[in-house]
Every structure is written in C-alpha cells, then in structure tokens.
Amino acid sequence: MARSAIVVALPASESDHVFAELALAGFEVVTVETPFELEAVLDSRRDVAVAILDGEIDADETEAFQRALRDGGRAVPALTVVSATTFERLSLADDDGSGNEYFTRPYSADSIRWRVEAMCIRRETVDDGSGPVLQAGPIGHEAWSRRATLIAVFNPKGGVGKTTVATNLASSLQARKGKSVLLLDADTVTGHVTTSFAIEAVRTVADSWRDEAEGGPSESLVELASAHGSGLRVVALSDSPINTEILDPERVVAAIAAARRSFDVIVVDLHPSYSTLNQAIFDEADRILVPVTPDVPAIRAAVQFLDVARALGCRERLAMVVNRANSGVSVADMERTVGLPAFALIHSAGVLFVRAANEGRTVVEMFPREKITADFDELADRLLGNPKPEGNVLAGFRFPTRLKEPAGA
Ligand SMILES: Nc1ncnc2c1ncn2[C@@H]1O[C@H](COP(=O)(O)OP(=O)(O)O)[C@@H](O)[C@H]1O
Ligand SMILES: [Mg+2]
C-alpha cells in the first residue's frame, strides 16, 4: 500500500535532509514554499497526512499556512519546527486535540521522521469520543492478600518480547522478590517456554485433559507444573498447535482461577491472536502487560489492541512495557501514539538473551547484576506496588481517559 504524502514547508537548508529521510521511509514528499502552494497541493490531493511547517516565519504567513490546512473542512495536522526558546514561550506542552505538534531545533532528520511516523499512526486512529470514558485512578491492591494476581502478557504482533517479558518478569518475582509464581505458557502455536527453560517431556494441560477424558485422574495446574531452577513453577497448555480443541476457553480460565489459591502471582504468556481463549484470559486478568518495541508495526499493533480492548471492556487494565527502549521511536512519542503511559522500560540486551537461552535460563537468573535485570526488577516492583525512591509507583499510575479529545470539544 502506498504511504501517505507529507508536505514540507521548511527553509531549503533543512528541507533537503528532511525530504531525503522521509522519501527513504517510503513517504511521498511534496515541498512547498508559500501558503498558496500548500493550498494548491491540498486542493489537488486527499492523501496528505502531515504538513511540516517552519514556526519561525512571520505571524501572518504562519496563520495563512494554518488556514490552508483547515480550509474546506480539512484537518491536516501540522508539525511545526521551532527553536527551543519559541517553544518555551508558546508553552505548547498541552495537547489541544487538533493533532498539531511542535518539534524543536536543532533536530536530526531521523528524529523528525519518527515523529511523522507517530503522527501518521495517530491520525489513523483518532478517537471520535464515542467510546466510554475510563475512570482514572489508582489501581486496587486488595487482590494481593487473597489470591494470585493474574498478569497476562499480550500484543497481537509477534516478536515484540511477550515471552521475554513473561519469563523474566516471572523469574524476578520468584527469585528476587520472594513471591511464589506460576508461569503459564498459553501460546499453543508458537510457545516454547518449557523447552526454552530446558524442562523436557512435560505433561501439558492438553495431555492431562485428554487422559482424563479416557478415565484418567483430574489434575490441577499446580499438579501439572514443573519446577524450574529458580523455584518458579512452569506449565504449558499444549506442546503442539494441533488437537487443542480440548482446551475449552472456559475450562482453561476455571483452571487458572483455581490455581490462584496456590500462588502469589500467575504470569500468562499469550499467543498473538484474538482467539476466544485469549479473550477469556483478558477477562480474568488483573493486568494485561503490552510489550511494544519502538517500531511502526509494533506500535500499530498496540494501537489496534487498545481499540479491541475498549470493545472487550479491558482497556483500563492495559499497561505498556516499552521493550528495546533505546532505538527508533522515542518513548514519549510511543506514549502519545499508543495512548498509554510507559509502565516500564526494558532495554536491549541482545547477547545476554542469547547466552541465557543457550543455558535454558532467564537473563534475570543468569545475569543478576546487569542493567537488564534491574529493568525486570523495576517492572516487578511496579506490579507489586513497591515504591521507588522517586515515588514512581503503581498507585500513582494514571491511565489516560481517552486517546484524544473529540474534535471541536
Ligand atoms: N530487550 C531485548 N533485547 C534483546 N533481545 C530481545 C529483547 N526482547 C526480546 N528480544 C529477542 O527478540 C526475539 C523475540 O522475542 P519474544 O519474547 O520471543 O517475542 P514474542 O513472544 O512477542 O513473539 C527473541 O529472540 C528475544 O530474545
Ligand atoms: Mg512468544
């Protein structure tokens, strides 16, 4: 599919670099010099997603550019490039709902490209205001004392770090935070938590239920779970993507609910799909962690999941975990695009993951003093509501009421 067009109205010295970078990213780039030219471009085509303007030109001309973007019922957002001093003076930090944004000089072509990417995604998914307005407020912790907190890890895109987050979070909670943890591999298609933990020849839930149907004993998740080195208990729904009909979603959720009496925390690693099984697990979960990597496909998938989660009534339980948080789209842009604050950041640690995987262990277990382990500890602390020195705790975490204000509000 062809990408949107981006109009660039910047001084020649900047325009060339920005043009080249955006063209490389696959955008059609149109440069204009005057409000009149901008108007002509917008009159002739409807696929302009963003206009990049210079915020240091005189006020009348700025107003003429802005008018062209709004004329004829159009609402093309502007990305206005200004100096840091102008930005301060304008005090533009608050989102006015117009979709207009500001970018400060000096900047790199790469950074403006990612901002444009973020604006394009946001523009496709503007909230029309018809959805329920969510209650903002602290999350209750009363569940901790009575039954395991159920944490599902999900993003509809593969390869974003669901399994990585689920296994290392479970490991941190068990080995470093003193919780008793069950890790459930509910990814019956691509899941291989048990094999990656070098736990071999395990009986899965599907095995057990098939045996039970033929007269075998009824076994709980607790009985089926194997112990992993760190004390963590691990159980998989199935070791094969076929013949999983026995895994009736309601029965699976009932088994999870029963296991809540035996653990402090249950972490569930999910398959990237909206299966009825996953929907049933979302319904039961106290918290749904959404790992997102700083790239367009992963962010797009998260934005889509937010819409789906709203329809399913679980949106207020979502928390974004920014994975590989040091490349591509900035964390601030991810937060604004996805519409969720970053609940935790996990940095890239490629070689450590490979080394841990070779040993069938988690990074948390194998490299306790590395920064990456501190990242997972921090995520665990946040879920447990343990205060950090800066007071950055779950209780202070506010979920946004909406993605964006409805136009004209
Ligand atoms: N923070 C990270 N740093 C380095 N490699 C990572 C990181 N997160 C995930 N990976 C790697 O990316 C790949 C995909 O991660 P995985 O957790 O399997 O994703 P998913 O479960 O969402 O499909 C794995 O090889 C994993 O080791
Ligand atoms: Mg996975």
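The values are calculated or read from the model by the stated rules, or taken from the named source; none is laboratory data. Note that the structure is a prediction, hence the values are computed from the model and not measured. Don't worry about glycine lacking a Cβ; one is built from the backbone with ideal geometry, like all the others, and counts go over all protein chains shown.
In this entry, Asp375 passes the filter for residues that are within 10 Å of ligand 1 (Cβ to nearest atom), part of a helix (DSSP H, G or I), of a type outside the set (S, T, N, Q) and within 17 Å of Lys177 (Cα to Cα). Among the residues of the stretch 354-372, those identified as surrounded by fewer than 16 Cβ atoms within 10 Å (Cβ to Cβ), touching a helix residue (DSSP H, G or I) at 6+ places or on another chain (Cβ under 8 Å) and either modelled with pLDDT of 95 or more or assigned to a loop (DSSP other than H, G, I, E, B) (or both) are Pro368, Glu370. Yes or no: Val181 modelled with pLDDT of 95 or more, touching a strand residue (DSSP E or B) at 6+ places or on another chain (Cβ under 6 Å), more than 16 Å from ligand 2 (Cβ to nearest atom) and closer than 17 Å to Ala285 by Cβ? Against the criterion (modelled with pLDDT of 95 or more, touching a strand residue (DSSP E or B) at 6+ places or on another chain (Cβ under 6 Å), more than 16 Å from ligand 2 (Cβ to nearest atom) and closer than 17 Å to Ala285 by Cβ), Val181 qualifies. Within the stretch 282-294, can one find any residue that is farther than 23 Å from Arg123 by Cα, in a helix (DSSP H, G or I) and over 17 Å from the mean Cα position of the chain (by Cα)? Scanning the stretch 282-294 turns up at least one residue that is farther than 23 Å from Arg123 by Cα, in a helix (DSSP H, G or I) and over 17 Å from the mean Cα position of the chain (by Cα). Of all the criteria given as (1) hydroxyl-bearing (Ser, Thr, Tyr); (2) over 27 Å from Ala198 (Cα atoms); (3) more than 14 Å from the chain's Cα centre (by Cα); (4) more than 15 Å from ligand 1 (Cβ to nearest atom), the one not satisfied by Ser262 is (2).
Looking across the stretch 177-201, the residues that are away from ligand 1 (no atom under 16 Å from the Cβ) and in contact with an Asp or Glu (Cβ under 6 Å, 6 or more places away or on another chain) come down to Lys179, Ser180. Taken over the stretch 245-269, the residue count meeting the criterion of being within 16 Å of ligand 2 (Cβ to nearest atom) and either under 17 Å from Ala311 (Cα atoms) or out of contact with any strand residue (DSSP E or B) (no Cβ under 6 Å at 6 or more places or on another chain) (or both) is 0. Taken together, Thr164, Thr149 contain a single residue that is near ligand 2 (Cβ under 9 Å from one of its atoms) and either within 21 Å of the chain's Cα centre (by Cα) or under 22 Å from Ile299 (Cβ atoms) (or both), which is Thr164. Could you list, in sequence order, all residues of the stretch 318-330 that are out of contact with any helix residue (DSSP H, G or I) (no Cβ under 8 Å at 6 or more places or on another chain) and either at pLDDT 95 or above or crowded, with 18+ Cβ neighbours inside 10 Å (or both)? Those that are out of contact with any helix residue (DSSP H, G or I) (no Cβ under 8 Å at 6 or more places or on another chain) and either at pLDDT 95 or above or crowded, with 18+ Cβ neighbours inside 10 Å (or both): Ala319, Arg324.
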